[in-house]
Amino acid sequence: MDVQRQIRENTLELHEFLNDLKGWESTVKEKEKNLKNQSAVNGSHVTPAPRKNHSKTLDNETKGSQAKAKDKEKTAPTTLTASKRKEKSEVPESKAGGTAASHTYDYFRDKWDRFDVDAALKEVESENEDEENEKVRKAQDKIVLPVRGSEPKRANTKSDETPAKIGAMEPGKLFGRGLGTMDRLPAYDEGMPTATSEKELGNDYFKEGKYLKAVDCYSRSIALQPTAIAYANRAMAALKLKKYQEAEDDCTEAISLDDRYTKAYSRRGTARRELKKLLPAVEDFEFALRLEPENKELKKQYEEARELYEKSTGTRLPDTKVPVRVREISSGNSASQEAPGAAKTTVPAAAKPTVPVAAKPTAVPVLPMSVTEPESKTTKAFGGGAKESSGASIRPLTQVDSPLVVAHARTAGNVPKVEKKKSVDSEAIQKAAARAAAAVTADRKVAAPKTAYEFESMWKGFDGNLDLQSRLIKVMDPASLPGVFKDSLTATVLVDIIRCLQLLFPDDASFAVQILENLTKVGRFSMTVMFLSAKDKSELGKLWDEIFMKASSELHPKLASLRATYRLT
Amino acid sequence: MDARRMPQILAHITHPVSCTIHETLWVPCSAKFVLLGATTRNNGALQIYELENTEIKKLKDSVKVDSFKCGTFGASSLENRHLATGDYKGKLCTWDLEDLSLPVFHTKAHESIINAIDGIGGLAVGYGAPEIVTGGRDGRVLVWDTRQKDIPAASFEPASTGGAARECWAVGFGNSYNDDERCVLAGYDNGDLKMFDLRLNRLRWETTLPNGVCGVEYDRKDIKANKCVAVTLEGKMHAFDLRTQHPDKGFAMLTEKLKHSTTVWGVKHLPQNREIFVTLGGDGSLSLYKYSRSLASTGTLISRVSQFVDHLIRVSESWS
C-alpha cells in the first residue's frame, strides 16, 4: 500500500515538475524577448573603468585629485574610498575650506601627493633579494602592476596606493613561492629560438596560409642552421608565392646539402616548369621518380612535364632509358676508325665508342641506347628514337667497374682487324656510328651482371640490339653463367643469347662455344630447351649450320655435340 | 521524494551529441544553453540548444579553429550576453551568440591551454567592472577586462625561479561586494589554493590541500566573502569559512571525503540558496549537498544519483 502511494506521489511530483518547467520556460522566453527589445532603450549604467595597470591610460592623471575625482574615466579604481559617483567626489570639495580631520581623505590627500614614489620603490626593491625579478619587474612594472591609479615610473605622485603597493612589493619576500611577484615569463620557455623551432613555426604559418611569414621563419631557421629540409620548405613557400626563381635556387641549395631529397627535386621541377625551363624540369621529375619509383604524384608530374616539353619542342623524348652506363676503356683503337667501312658487326660496336673516345675521352651522361641510332628507321633492333641532345635529361646511374671491360675493349680492338661476315645491321650501324660520333660523346661501359635479374634487365634494356647484347655476353665470364642464371634462364632469353652469339663467330668462336657449353650447365637447362618452340628450334638450327659451322674446324665436334644437347636436330 | 523522503535528482532529457563536451552553460535569462567542446577533428565546437517542452532543439552549431575548454557568461551584460571562452591554444575570446562568425573580443591569454575561466561584474549583478579571470597550464592567473586588449588588468604569475610552474586548474571570483573589492581564488594541480586580492593586488591567503584542486567556487560572488568550496582529486571536498581570517592559521576548513573517491571535477552553488551545492563526481554521479552549521560535517548529502555516462565535468545552474 505504502509503495503504491509512493509511486502515485512520485508520478504526481513528476507532473508537477514538468508543468513547472514549462511555466518557467514560457516566462523566461518572454523575458528574453523583452530584454532584446529593451536593450536599445535602456541607458546602460556606467560601468567602472578597467583596472589601471599600464601607462597609457594614466597619462591623463596628472591633474589634481579633485579633477580626477570629477573625471568619470578614472575615478573608481584609482581611489581607495571614492567611487565613480559624483556625489562622493564632491564631498572633499565642500570641505576645502577648513582643515580636514585626520581620518578623512583630504587629510591624506596632500600627504599622498607629496609622497615620493620612486624613493619608496627603491627602498622596497633594494630589500628584494631576487635581482632578476627586480629588473624584470622594473621593465614590466608599468604593464603588469595593476595597482589602481599608481604609476611608479611617473613623476606623477598620484599614488594613492603606495601603501598597498609597498605591500605588493613585499610578497616577493614574504611568500617563498613568490606568487605575488609580477614576473613575466620569457617568451620562449627554453630560451632562444632554435633552427628547429623556427622551422616548425614556419610550418605552422605555412599551414595557415601565411606564406610570407613562413618564408621569414624559414630564412631565420636557415640562418641559424642551414638544412636541406629548411631550404626545401622555403622553396615550397616561395612556390606558393609564385617566386619561382627563388624556389629553384632554394631547391638547388637543398639538393647540394642532400642529393637524395626527393621533394627538393620535385619542387625544383615544378619551379622550372613555371619558369618554362621545360627540359630541366623533366630531368628533375625523372630523377625524383628514380628516387621514388612508386610515387604516383611524381609520375603524374613527370608525364605532364614531358608532354609540355614535347609539345613545345616538337621532339619526342625516348621512352626507354638504359640503366647502364657504358664506357669504353680507351685502349686506343684509332685504327678502328677506318673500320666502319668494313661492315663488321662487332666493329661498329667497337667503333662507336672508340670514335667518340678519340674525340672526347671524358666521362659523361648515359645515353639511351636508342639515341645512338637517331634516324634509323630500319631496324627495330635499335628501337625508335629521336636524337636527344646530350647532356640533357639523363642522370648517370651507379657505375660498376668491371675488369672484364678491359678485356672486352681489347677484344674489341682486335676485332676490326678480322674480316667478318656482314650482318643485317651493319649499314645502319655504320651510319649510326658516324652520327653518334659526331653528335654524341659517350663512354660506355658494360658491367657484368651478377644475377639473372640484372642480366635480364640489362638485356631488355638493349631492346633487341644484338650488337650490345653480344657485348654483354662477351663481358660475362662463361664459367660464371651457371652461377648467374641459377635456374632462371628462360627460353626466350636463351634464344636471344644464341642469336647474338652469331655475332661472335668466327673470331670469338671459342669464346662463343664456351658460352654455349656453359649455358647447358645452367640449372634446369634441359627443361628450358624443351620450351623452345619449333620455330625457334628451326631458326637456331639454321644459325647453327650456317654460322657456327663456319668456325674453325677444331670446334666442330664440340659444336656438333652441343647441338645435340640443344636438341636442334 | 523517494522512500527516504529525500529529494531526487532525475534525468529529464537525454540527448546525444557528436562532440566532446567540455563545458555547458545556460544562457542567462533564457531557456537556451551552450555546449563548448571539441569536435572529432580537434576543432572547437560551439552548440546552442533551446529547451522546448519536453525536448531540446539545436539552434546553432558552429565549428571554430581550436577546441574550447571553458567558458562563462559572468562578465557580459544582460543585453548582449556575450560568451567568454578559453581554448586549448590559450586564446580568450568573447562571442556574440547571434553572430558567431567572428569573436567580439579576442586575445592570446596564455601560452598553452586555458584550464579555467570565470566572469564577474556583468549580468546586472554585483558591483565593479566586468572582468574575466583565466587560469592556464602555465600557472598564471590573469584577470582581463574586455575593454583592454592584450594587457591583463591583473596578473599573478609564478616566480620564474625553480622548475616548471604548477598548472592552475580552477579559478573563481568572489568578495565583490562593492566596486573596489574583489578576490580571486585559484586552485593548482599540486593542491595549492591561493586567494588573490585584486584591490590590493597581492596574495591574501594560501594553503595547500593534499590533492590537486579541480574546482573552486565562492558560495556567492557578489557578497562579502562568506564561504567557499574547493574540490580535489581522490574524492575530497573542502569547505572554508571565509568570514574570519586568522593571521597564521588562515580560514577554518571542513573536509569531507566523498563515497565514490574518484576525482571530484567541480562544485556549483545554487544561486538562489547559497547553502545548497552540487558536486560532480568522476564516476558520473551528481551529489547535492546542503551546508549545515554543525561542526561535524560540511553538509548533509541530500541526494545522490548515478549516471551511467562519462564523468560529469560541468554543471551550470540556471537562474532567472
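The values are calculated or read from the model by the stated rules, or taken from the named source; none is laboratory data. Keep in mind that this is a model prediction, so the values were computed, not measured. Neighbour counts are summed over all protein chains in view; Cβ atoms, including those assigned to glycine, are modelled from backbone coordinates with ideal geometry. The area values use the complete protein model at the heavy-atom level, side chains included, leaving out ligands, DNA and RNA. Shrake-Rupley method; radii C 1.70, N 1.55, O 1.52, S 1.80 Å.
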ask   = For segment B:111-154, how many residues meet the condition of being over 23 Å from B:TYR177 (Cβ atoms) and facing chain A (nearest Cβ under 7 Å)?
value = 3
Failed item in (1) within 9 Å of chain A (Cβ to nearest Cβ); (2) under 15 Å from B:THR134 (Cβ atoms); (3) at pLDDT 90 or above, with B:GLU157 passing the rest = (3)
ask   = Failed condition for B:ASN42, given (1) free of Cβ contacts under 8 Å to residues at least 40 places away in the same chain; (2) among the polar types (S, T, N, Q); (3) within 14 Å of another protein chain (Cβ to nearest Cβ); (4) surrounded by 19 or more Cβ atoms within 10 Å (Cβ to Cβ), with all others met?
value = (4)
key: Filter result (of a type in the set (S, T, N, Q) and closer than 23 Å to A:LEU35 by Cβ) within segment B:21-52   = B:THR24, B:SER30, B:GLN47
key: All positions within segment B:161-180 that are within 11 Å of another protein chain (Cβ to nearest Cβ) and not small (Gly, Ala, Ser)   = B:THR161, B:ARG166, B:CYS168, B:ASN178, B:ASP179, B:ASP180
note = Of the residues in segment A:207-237, those that are open to solvent by 50 Å² or more (accessible area, probe 1.4 Å) and either outside any helix (DSSP H, G or I) or of a type in the set (Phe, Trp, Tyr) (or both) come to A:LYS210, A:TYR211, A:GLN225, A:PRO226
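For (1) farther than 14 Å from B:LEU36 by Cβ; (2) at pLDDT 95 or above; (3) touching a Gly at 6+ places or on another chain (Cβ under 8 Å); (4) of a type in the set (Ser, Thr, Tyr), each residue gets a yes or a no:
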| residue | (1), (2), (3), (4) |
| --- | --- |
| B:ILE56 | yes, no, no, no |
| B:SER76 | yes, no, yes, yes |
| B:ARG81 | yes, no, no, no |
| B:GLY86 | no, no, yes, no |
| B:PRO103 | no, no, no, no |
| B:GLU111 | yes, no, yes, no |
message = Out of the residues in segment B:193-218 meeting the condition of being open to solvent by less than 10 Å² (accessible area, probe 1.4 Å) and either at positive phi or of a type in the set (D, E, K, R) (or both), tell me which one is modelled with the lowest pLDDT.
response = B:ASN201
Options B:LEU193, B:LEU198, B:LEU203; residue that is in contact with a Ser or Thr (Cβ under 6 Å, 6 or more places away or on another chain) and under 16 Å from B:VAL133 (Cα atoms) = B:LEU193
